[in-house]
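The values are calculated or read from the model by the stated rules, or taken from the named source; none is laboratory data. Computed from a predicted structure; not experimentally measured. Counting neighbours? That spans all protein chains shown, and the Cβs are built from the backbone with ideal geometry, glycine included. Surface accessibility is based on the protein's heavy atoms, side chains included, excluding ligands, DNA and RNA. Shrake-Rupley method; radii C 1.70, N 1.55, O 1.52, S 1.80 Å.
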Amino acid sequence: MPTPRSGARRCAVVGSPITHSLSPALHRAAYAELGLDWTYDHVEVDSAGLADFVAGLDESWRGLSLTMPLKRTVVPLLDTSDDWVGLSGVANTLVLDEAGKHGFNTDIPGAIASMQERLPSPVRSAVVLGGGATATSVLLALAETGCTTARVLVRDPGRAEETIAVVSTHPRAPELSVETLTGTSRIDADLLVSTIPGPAQTAALLAACAEVPAVFEVVYDPWPTPLARAVLEDGRHLVAGLDLLAHQAVGQVQRMTGRAVSVDLLRKAGTDELERRAVQVPTGSPRVP
């Protein structure tokens, strides 16, 4: 694991759009718990600007959390990467030290931990809404935990090609299929994973998945999404986006600081921030880990 330099350090979450990320609340809570005089902010960076941004980071910087659309863009910039990055082609964590730029994917172990925490039994069949980088990580987490069949529903099947190609390389990859999201009828699976924004969660879609016993909703802001609200009202099992965000942030903090924090501490920090925002008019784009 990269060794942090001593003294105050700078970290940030980068992406576009980024201002509504909960990551600053979680990481700042971690630094306070650990007694570290570190800073953590959000910085607007798009795919075209990421290489220059990373190249311009000085020795005060320790690490970055990466969200959409940068999780794949960052991979060619890395000097080293963990096995999850190698398998997924996706990195959500960049750690800097004297030896260079080190990439990690904490979304996959975070998704595994979230499902183990919230679901009563392993998932054998899944339907995933959306086909981007987060869908890739969750599908790999499902493969790792024994899922045997997975359907990916997207508006444009061509946009899921990279995800399907990557997940197919897992040594225990589920049987995969891709279908269009438009006109979806009844969804039948052990688990529904949604990586799509709340406005795309139509009444017809909610009706189609009403019988699925468990849902993994990766969007965490604004919360609850229409899908999450329906699941909570029905009393079905729900893995929330904040569960994933907190579990993957535990991994990020460990890699950036070399020290451990509780997932409950980070989840509470996220919950407190969401409650603070609830009194304001929601704006901006839905946030995913």
Calc'd 3J(HN,Hα), segment 61-67, phi into Karplus 6.51 cos²θ - 1.76 cosθ + 1.60 (θ = phi - 60°), Hz, glycine/Pro = x, comes to 8, 9, x, 10, 9, 10, 10
Hey, in the GNM for the chain with a 10 angstrom Cα cutoff, which one of Ser177, Ser81, Ser21 fluctuates hardest? Ser177
Mind jotting down the distance between the C-alpha centroids of segment 236-283 and segment 155-208, whole Å? 25
Please find the FRET efficiency linking Glu44 to Asp188, where r is the Cβ-Cβ separation and R0 is fixed at 35 Å, and quote it to the nearest 0.05. 0.30
Quick one: net charge around Met115, please, counting Lys, Arg +1 and Asp, Glu -1 for every other residue with C-beta under 12 Å from its C-beta. -3
Hey, what do the phi angles of segment 232-245 turn into as Karplus ³J(HN,Hα) couplings, whole Hz, using 6.51/-1.76/1.60 and θ = phi - 60°, x for Gly and Pro? 5, 5, 7, x, 7, 6, 10, 9, 8, x, 5, 4, 5, 4
Is segment 158-289 rounded, prolate or oblate when judged by the Cα gyration tensor, a ≥ b ≥ c being the square roots of its eigenvalues, rounded requiring a/c under 1.5 and prolate requiring a/b larger than b/c? oblate
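Could you grab the relative contact order for segment 45-146? Cα pairs under 8 Å, six or more apart, rounded to a whole percent.
Values: 122 pairs, mean separation 22.7, N = 102.
Once normalised by length, the contact order is 22 percent.
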Out of the total accessible area of the chain (probe 1.4 Å, heavy atoms of protein only), what percent is carbon and sulfur? 52
Per residue accessible area in Å² of the chain, where ligands, DNA and RNA are left out and the probe is 1.4 Å: 42
Starting from one equal scatterer on each C-alpha and no solvent at all, send me the Debye-based log10 I(q)/I(0) for segment 99-230 at q = 0.18 Å⁻¹, two decimals. -0.98
Among residues other than Val90 whose Cβ falls under 13 Å from its Cβ, what is the net charge (Lys/Arg +1, Asp/Glu -1)? -2
Would you mind computing the Rg to Rh ratio of segment 135-202 from its alpha-carbon coordinates, Kirkwood style for Rh? 0.95
Rounded to whole Hz and in sequence order, give me ³J(HN,Hα) for segment 46-56 from the Karplus expression 6.51 cos²θ - 1.76 cosθ + 1.60, θ = phi - 60°, writing x for Gly and Pro. 9, 4, 5, x, 5, 4, 5, 4, 5, 4, x
Normalised contact order of the chain, rounded percent, pairs of Cα under 8 Å and 6 or more residues apart: 19
Residue separation times 0.36 nm, minus the C-alpha to C-alpha distance between Leu232 and Glu179: what's the value? 16.4 nm
